[in-house]
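Readers should treat all values here as calculations from the given coordinates under stated rules, not as data from a laboratory. Note that this is a predicted model, so its numbers are computed, not measured. Note that each Cβ is placed from the backbone with ideal geometry, even for glycine, and that neighbours are counted across all protein chains shown.
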Amino acid sequence: MVPARFAPYPPEEAETMRRWGADPDLGPNLVNGLARSHRVIVADYESHRMAHPAPDTLTPRNVTADLLAIADAADAGSFAYYGYSWLALCGLQLAIRTDRLWALVMGGFPPLDGPYESMLAVTRAAHSMSTQSADVVPSPTADVEPGDWDSVPVQTNKAQTRQFVTLYEALQDFDDSAAEVQPGLPRLAFAGSDDLIDYGPAWGNVHVKIGEPLTTHKQELIDSGWDVHVLPGLDHIGAMRSSVVLPLLTDWLRKVG
């Protein structure tokens, strides 16, 4: 299961993504590449939640129910799951709640010492901005500097931002060091070594550390059954590009599946 967008982006939006260093062809490239050796279930869960926000009910348990419903609709009794960033943490929540996974891949979010507290602060700031600028039409950003997260405009509404506050609030008591997945589940975690997202005053001067905890706990994770890849020189956007992820997934799935 790949919860990614398969439909092409509009040309202007795709060009903006490229200026940010992102890969607008990520979904199609992953799906088409993985489909050479596996049946792929693709569902754009993030876009679904933006179109149909769940401001008070986007909890880990409900996310798991959503993902299992997608698998059911695809008639997949067991399946592997790959998610990046917040969709990676959804994969971990899925893995501790079901025995239907035969493999789990988490990209751009560490399975141990995850930034749940800092992401709650970021989502609360985004929600506050969305309530203040509900009637403001954002203008396109002409000059884009890849990695300048502080300049990212909030272009989501109150319900859309509130659902992520709800998710991270529900995860504040989650102890990822005690998370138990089914014994023997093949699992891979990866992130860029430079995956550190710094937000400025408008966002509460929050630092979201992703690459650092994966590096710090690499051996501990390996000892507990994870395969771990820290990708040198890559940040959050760079490590999610299809040119990086597809070879990593293909090689790993060949080994475990």
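Placing one identical point scatterer on every Cα of the stretch 164-230 and ignoring solvent, what is log10 I(q)/I(0) from the Debye formula at q = 0.21 Å⁻¹? Summing over Cα pairs of the stretch 164-230 leads to -1.07. Whole-percent P(r), the chain, all Cα pairs, 5 Å bins from 0: 1, 6, 12, 17, 20, 20, 13, 7, 3, 1, 0. Phi angles of the stretch 53-59 translate, via the Karplus equation with coefficients 6.51, -1.76, 1.60 and θ = phi - 60°, into HN-Hα couplings of x, 10, x, 10, 10, 7, 9 Hz per residue; Gly and Pro are given as x. Each of residue 96 and residue 75 was given a label point 7 Å from its Cα along the Cα-to-Cβ line. The distance between the two points is 3.4 nm. Counting only DSSP beta bridges with both residues in the chain, the antiparallel share comes to about 15 percent.
What the Cβ-Cβ distance of residue 18 and residue 180 gives, at R0 = 41 Å and to the nearest 0.05, is a FRET efficiency of 0.50.
Computed per residue of the chain from DSSP H runs no shorter than four, each worth -39500 (n - 2.57), the mean residue ellipticity at 222 nm is -12500 deg cm²/dmol.
Here's the list of lysines a cross-link from residue 209 could span, going by alpha-carbon distance under 24 Å and ignoring same-chain residues fewer than 8 apart: 218.
Please list, by residue number, every one of the trypsin sites (Lys or Arg not before Pro) in the stretch 32-72 that is coil in DSSP and has at most 16 other beta-carbon atoms within 10 Å. Of the trypsin sites (Lys or Arg not before Pro), the ones in loops of the stretch 32-72 whose Cβ has at most 16 other Cβ atoms within 10 Å are 36, 39. Listed by chain and number, the lysines placed with their C-alpha closer than 24 angstrom to that of residue 158 amount to none; residues fewer than eight positions away on the same chain are left out.
Once you reduce the stretch 51-101 and the stretch 16-37 to the center of their Cα atoms, the two points are 21 Å from each other.
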